[in-house]
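Read the structure below first, then the notes.
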Amino acid sequence: YFAKMLEIPKEKIIDNLRPEELFASSEKQKAIKKIIQKRLKGEKFQKYYENEEIITPSNKRLYVKFFTKTIKYEGSFAGLVIGINVTNEIKKDSLIKILKDINHIIIFHETLNEIFYNTAKSLYSNGKFEFVCISVKEKNKLNPKYCLGNYNDKLMEFLKKHLKPSADKNICLAAKYMVENQIMLIEDIEKIDFPNRELLSILKELNFRSLVFVPIFKDKELIAAIGIASKYINDFDENIKFIFEELKKDLEFAVKKIEKEEFFKLLQEAFNKSFAWVVITDSDGKILYANKTVEELSQYSLEELKGKNPKIFKSGFHLPSFYEHLWNSIKEGKIFEGIIVNKAKDGSFFYLRDKIVPVTTPNGERYYISIATDITNEYKLKRQLKIIKENDLITGLLNRESFIKKTSELIKHNQNKKFALLIIDIKDFKLINHFYNKETGDAFLKKFAEYLNSIFFESDIIARLNADEFAVFIEYEDLSSLYKIIDRVINKLKNTKILNTETSINIGISLYPKDGKDISTLIEKALIALEIAKQKGENEFEFYNQEIHKHIEEYQQAKFLIKHALVNEEFEYFFQPYVDSKTLKTAGAESLLRIIHDGEIIPPYKFIEYAEKSALIKEIEKLMFSKYLQYLKEANFPISFNISGASLRDENHIKSLFGNVTNLPIVIELTERELAYNIEYTRKILEFFKIKAIKISIDDFGTGYSSLTYLKDLPIDFLKIDMSFIKNIENSQKDRAIVDTIIDFAHKFNIKTIAEGVENENQVKILQNLECDYLQGFYFAKPMPFEEFKKFLN
Ligand code: C2E
Ligand code: CA
Ligand code: CA
């Protein structure tokens, strides 16, 4: 049995083999030798050796259990050794241990590299092989990557060069196995016909005797190979081939598993990194997975969501039938698509364009995957766009367009009701914009809109029509209730400071159905009324009526006329003389403005009012003043110049007109009203005229405030008694008394008087009796062109 075990003839053992020679290491050999000597000397002891590794003379590795004892044999001391060959069991055990190890490795490692590296390590340390090397396919070659044990550069170079799936069979022994996906076992390299001498010599140099080569495949494709070499023969035999097959399967499984895991990781990463919302639930709707987007949008963490039903996102936006339909479709295996409004943890809403896909696994398990895009912003944008389209962004009120739309709708459905359109204009809003900045202007408008909102009811339609014009469309019962509303708008504002400024407004009003049946007409007419209200002054309002319309038309015409005349220099002065009442000789004249358009003489009443109310009068004066001076010099005679109130109040304007004139017989006519405007300023301006030797005449005297204080305080030269008194002087005792009184007072203050509008001889006589100084009127002369006037003087 012993000879058979060692695979040598009995004769070669007896008297030939020393027992210690069976052991691989020299230490072991020494120890065994000592024990044998002790026994031969007669020392009696017995010993048990568990799984002792011995090497046969043929270089085979065996594992043997020994029982030894000292006995007497043929009269001498001897050693008795009983051995049981357990090689196969031990080899299997150690390889099975490796398999277990590898199972562990596969479970606990996540990358192929880690698995291969640890497998190589386990094979090497547990299998006690000479050389273990796992090659991994890289660029169509097997690259020996995880190599342990005894090897040299020559071997590495050879492997790197020849180990590839398409290797030449005559060079690389493993080529056939790689192609056929088979395990190669070589029990003894010396006993086979080695195709390549070079490799054989390398292997021999390294003392390799038996080899195993395990190709690792994935989907019919070689991806790695395990090579193991032992320095003993028969270390890898058919008996343990199944273990390498197992190892191969394990690793191939690991490769697939890792690939799958990697793919899942990739998917998960994709899910997590994607902007899409991904929720996976089981068949009962329990949440199993939710990605980052879900966490972000819903503000719930994955931990909070796991196990919950997607009801957690319910917003209340959808009817129960909506969810019913959703569940029914997906339960039937249909994909559900739709827009779902969900609620986040903090109560805010988010909008999803959702696709819920039912998925059934091969095991028959049903899952639901919700993949959605967040369309909240899109939705908000849409809404914002609607707001932008419908509302005025500064105030949040409706804009013109949507105001027209809404009011038209209201009228259409309530044709028998009465409505009023109020157009409210903020006075001097342009100044706010001008003196502060646009932001302040905007803030002001916003506050004003708030003010309007506080005054009117929710049912009233309020809008901002343009810069500083607001419109309110209200239903009203009767005019008195409407007056109350208007009164409230104006009066409340007097006590409400908007951005710390006192604000005044004007309101133009038109009424449905009286003034118009559609909103555009109503707006147009309210705007006309507004113009008139503005002319009336601060915090005034006006209802639209026919006369207003005429007025506005005239206004428009006047504006056109003036602008046209300015550009084409159509302005001209006519001159009307006044005479000394005693001698009836011409004492002076008044320049009166005309527009000569296409040969037609246009009188001031057609344009002067508009000119004075707009800034155009100053432009006219600037243009005409030099002409006036020219006439003045040529006539060398006192000629009056009518100056408008607005011009008089503009010191710069006055100085630019009169600053450079000296020693000319200028007379300024200004109305009584202007004196009262700002007494200090008036005094200053009149004194300026005095210094310039310019005479001052108060026009239309008696129609204004007629405060005699002015006569006392101011340097006035003439009073022009308004022609309304002259007109009635013959018949009205009272008017005559007034004229008498005016003349009396004037004389007491050393002021000369001029009577205007003298039309007959009778009036001349009365005025002469009343000692009026000068007389002016059609009785003497009508206003006339300069050439005519010169002749008249001569
Ligand atoms: P006013 O300054 O009181 O001028 C007198 C107006 O009475 C003139 O009308 C003159 O033609 C008219 N008038 C003179 N005598 C009689 C008469 O016997 N009977 C009647 N019924 N009317 C008479 P006109 O030229 O049409 O001017 C009207 C007003 O236009 C002027 O009233 C004045 O307020 C304004 N105006 C005229 N020219 C100028 C100007 O250059 N600058 C300014 N700011 N206003 C001017
Ligand atoms: Ca005048
Ligand atoms: Ca006058």
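The values are calculated or read from the model by the stated rules, or taken from the named source; none is laboratory data. Just so we're clear, the structure is a prediction, and the values are computed from it rather than from any experiment. Cβ coordinates were reconstructed from backbone atoms using ideal geometry, including for glycine residues, and neighbour counts include every protein chain displayed. Accessible surface is based on the protein model in full, side chains and every heavy atom, while ligands, DNA and RNA are left aside. Shrake-Rupley method; radii C 1.70, N 1.55, O 1.52, S 1.80 Å.
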Q.
Only four residue types carry charge here, +1 at the Cβ of Lys and Arg and -1 at the Cβ of Asp and Glu. Report the dipole size of the chain about the Cα centre in Debye, rounded to the nearest 20.
A. 5460
(Q) Can you give me the Rg/Rh ratio for region 110-229, using Cα atoms for both radii and the Kirkwood formula for Rh? (A) 0.93
Q: Under 15 Å from the Cβ of Thr360, count the other residues' Cβ atoms, weight Lys and Arg +1, Asp and Glu -1, and hand me the total.
A: -1
Q.
I'd like to know how region 214-270 sits against the 2.2 N^0.38 Å rule of thumb: what's its Cα Rg over that expected value?
A. 1.51
Q: Mind listing the long-range amide H neighbours of Lys47? Cut-off is under 5 Å, sequence gap 5 or more, other chains count too, H placed in the peptide plane at 1.01 Å from N.
A: Thr68, Lys69
Q) Of Lys314/Lys406; Lys514/Lys550; Lys60/Lys160; Lys427/Lys525, which pairs sit farther than 26 Å apart, going by alpha carbon to alpha carbon? A) Lys314/Lys406; Lys60/Lys160
Q | Cα-Cα over 24 Å, subset of Lys169/Lys220; Lys12/Lys241; Lys164/Lys218; Lys559/Lys782; Lys497/Lys534; Lys438/Lys618 | A | Lys12/Lys241; Lys559/Lys782; Lys438/Lys618
Q: May I ask for the net charge around Tyr232, where only other residues with Cβ less than 13 Å from the Cβ of Tyr232 are counted and Lys, Arg are +1 while Asp, Glu are -1?
A: -2
Q | Under Karplus coefficients 6.51, -1.76 and 1.60, residue-wise ³J(HN,Hα) of region 496-507 in Hz, glycine/proline x | A | 10, 8, 9, 6, 6, 10, 6, 10, 10, 9, 10, 10
(Q) As I understand it, the dipole of region 1-109 uses +1 on the Cβ of Lys and Arg and -1 on the Cβ of Asp and Glu, about the Cα centre. Which of Ile55, Asn88, Ile106 lies farthest toward its positive end? (A) Ile55
Q.
Based on Cα coordinates alone, diagonalise the gyration tensor for region 303-372, multiply each eigenvalue by 5, take square roots, and list the semi-axes in whole Å, largest first.
A. 22, 15, 10
Q: Calculate, for region 190-308, the solvent-accessible area per residue in square angstrom, rolling a 1.4 angstrom probe over the heavy atoms of the protein chains.
A: 51
Q. What is the dipole size for region 130-265, taken about its Cα centre, with +1 at each Lys and Arg Cβ and -1 at each Asp and Glu Cβ, in debye to the nearest 20?
A. 520
Q: Would you mind telling me the share, in percent, of accessible area of the chain contributed by carbon and sulfur at probe 1.4 angstrom?
A: 51
Q | All lysines inside 24 Å of Lys38 as judged from Cα atoms, apart from same-chain residues fewer than 8 positions distant | A | Lys28, Lys30, Lys47, Lys65, Lys69, Lys72
Q. Is the shape of region 277-324 rounded, prolate or oblate, going by the alpha carbon gyration tensor and its root eigenvalues a ≥ b ≥ c, with a/c under 1.5 for rounded and a/b larger than b/c for prolate?
A. oblate
Q: Compute all pairwise cysteine Cβ distances in the chain, then list the cysteines with no distance under 4.7 Å to another cysteine.
A: Cys172, Cys772
Q: With a/c under 1.5 counting as rounded, go ahead and sort region 684-794 into rounded, prolate or oblate using the C-alpha gyration tensor (a ≥ b ≥ c being the square roots of the eigenvalues; past the cut-off, prolate if a/b is larger than b/c, else oblate).
A: oblate
Q: Per DSSP H run of at least 4 residues, take -39500 (n - 2.57); add these up for the chain, divide by its residues and hand me the 222 nm value, nearest 500 deg cm²/dmol.
A: -14000 deg cm²/dmol
Q.
Let me make sure I get this right: for region 369-485, a, b and c are the square roots of the gyration tensor eigenvalues over alpha carbons, sorted descending. Under 1.5 in a/c it's rounded, otherwise prolate if a/b > b/c, else oblate. Which is it?
A. oblate
Q. By the scheme Lys and Arg +1, Asp and Glu -1, what is the net charge of all other residues having a beta-carbon under 11 Å from that of His109?
A. -2
Q: Tell me the Kirkwood hydrodynamic radius of region 1-159 in angstroms, computed as one over the mean inverse distance between distinct C-alpha pairs.
A: 18.9
Q | Mean accessible surface per residue for region 530-618, computed with a 1.4 Å probe while every protein chain stays in place, in Å² | A | 54
Q | Helix runs (DSSP H) in the chain reaching 27 Å along axis by Cα, Kyte-Doolittle at least 0.0 | A | 87-108
Q) With charges set only on the Cβ (+1 for Lys and Arg, -1 for Asp and Glu), what does the dipole of region 517-558 come to about its Cα centre, in debye to the nearest 20? A) 80
**Q.** Mean-position separation - Cα centroids, region 311-386 and region 780-794, in angstrom
**A.** 94
Q.
For the ranges 648-661, 735-748, 766-779, what's the packing order if you count other beta-carbon atoms within 10 Å of each residue, average per peptide, and put the highest first?
A. 766-779, 735-748, 648-661
**Q.** Using θ = phi - 60° and Karplus 6.51 cos²θ - 1.76 cosθ + 1.60, couplings along region 718-725 (whole Hz; Gly, Pro as x)
**A.** 10, 10, 9, 6, 4, 5, 5, 6
Q.
Taking θ = phi - 60°, what integer Hz values does the Karplus form 6.51 cos²θ - 1.76 cosθ + 1.60 yield along region 61-78, in sequence order, with x for Gly and Pro?
A. 8, 10, 10, 9, 9, 10, 10, 10, 7, 8, 10, 9, 10, 6, x, 10, 6, 8
Q.
Could you work out the percent of alpha carbon pairs in region 208-367 separated by over 26 Å, rounded to a whole number?
A. 49
Q. Can you tell which of Ile330, Ala254, Leu319 lies farthest toward the positive end of the dipole of region 248-349, using +1 and -1 charges on the Cβ of basic and acidic side chains (Lys, Arg; Asp, Glu)?
A. Ala254
Q. Per residue, how many Å² of accessible area does region 682-763 show with a 1.4 Å probe?
A. 49
Q.
Translational diffusion coefficient of the chain at 4 °C, 1.567 mPa s, Stokes-Einstein with Kirkwood Rh over Cα pairs, in µm²/s as a whole number.
A. 32
Q | Charge-dipole axis of the chain as Lys and Arg at +1 and Asp and Glu at -1 on Cβ define it, positive-most pick from Phe749, Ile226, Phe571 | A | Ile226
